[in-house]
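The values are calculated or read from the model by the stated rules, or taken from the named source; none is laboratory data. Because the structure is a prediction, the values reported are computed rather than measured. Positions of Cβ are backbone-derived with ideal geometry, glycine not excepted, and every protein chain shown enters the neighbour counts.
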Amino acid sequence: MGQGVRPSPPRSRRPVDVLGRFVAKREVAASEERCDLCSIPVAPEHPHLVDVGQRRLVCACAPCALLFDRDGASAARFKRVPTRRRLVRDLRLGADFWERLQIPVRLAFFFENSEEGRMVAFYPGPAGATESLLPLDAWREVVDANPVLASLESDVEAMLLRDPRDGELECHLVPIDVCYALTGTVRRSWKGFEGGPDAWREIDRFFDELRAEGREVAGSDPS
């Protein structure tokens, strides 16, 4: 499989469009937010679903979200986004991992697209989320070295990596809406070519919260 940045997908499925819908919903007053399935009002913090075919996030009330819990819902149009957050302390990556992806910044998220039957990689930037082609053998090597990654649920969970050149690699296994929220943070705050101090302060704050909320797991843990 070739490498490099892929052309943007069709407009209706571009990650930036998914992000735009998600961010727009979060900016609506809590009293106006409604379940996208039954239209009843929802609380500021409410479940999300992924519309697998359209690659979009959907707001849901608790009763509607229960219809799409994991058990027996794998073939449904919608998948419920889980809430678990895990911090992998001892992730093992090959020395040339980032170079094989040709990602200009060492900040990216990875998830399985069940419609296409493959892992996909995106990195956030000032224009939104850009897809980078993930060689299949590269992902297999990472999972072989880190069995915990095999536990990620397709479409709704992602591996979020941050690898600062002057710091320690961070690996978080998070709900997919967390990745879109990070993309929104980057898009709103990024200035110029390198982002600027405000953007990196926001990114640091974002990862501080993830570290505080995540349950630590070992990369060798198969569960």
Number of positions in region 86-104 that are buried (at least 16 other Cβ atoms within 10 Å of the Cβ), more than 15 Å from the chain's Cα centre (by Cα) and not charged (D, E, K, R): 7
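Please verify whether residue 211 is in a helix (DSSP H, G or I), closer than 17 Å to residue 84 by Cβ and in contact (Cβ under 8 Å) with a residue 12 or more places away in the chain, treating the condition exactly as stated. Break it down stepwise before answering.
Numbers: in a helix (DSSP H, G or I): yes; closer than 17 Å to residue 84 by Cβ: yes; in contact (Cβ under 8 Å) with a residue 12 or more places away in the chain: yes.
The answer is yes for residue 211.
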Filtered residues of region 151-171 (kept if closer than 14 Å to residue 203 by Cβ and crowded, with 19+ Cβ neighbours inside 10 Å): 160, 161, 162, 170
Breaking point among (1) in contact with a Gly (Cβ under 7 Å, 6 or more places away or on another chain); (2) closer than 24 Å to residue 68 by Cβ; (3) surrounded by 14 or more Cβ atoms within 10 Å (Cβ to Cβ), for residue 115: (3)
Residues located in region 93-109, provided they are in a loop (DSSP other than H, G, I, E, B), touching a Ser or Thr at 6+ places or on another chain (Cβ under 9 Å) and touching a residue at least 40 places away in the same chain (Cβ under 8 Å): 102
Number of the condition not met by residue 111 [criteria: (1) at pLDDT below 85; (2) within 16 Å of the chain's Cα centre (by Cα)]: (1)
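Mind listing whichever residues of region 80-92 are of a type in the set (A, V, I, L, M, F, W, C) and assigned to a loop (DSSP other than H, G, I, E, B)? Steps first, answer last, please.
Step one: of region 80-92, the residues of a type in the set (A, V, I, L, M, F, W, C) are 81, 87-88, 91.
Across region 80-92, the qualifying residues are 81, 91.
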Condition check for residue 177: within 26 Å of residue 142 (Cα to Cα), free of Cβ contacts under 8 Å to residues at least 40 places away in the same chain, not hydrophobic (A, V, I, L, M, F, W, C) and not assigned by TED's automatic domain parsing to the domain that holds residue 52: no
Breaking point among (1) at pLDDT 85 or above; (2) assigned to a helix (DSSP H, G or I), for residue 49: (2)
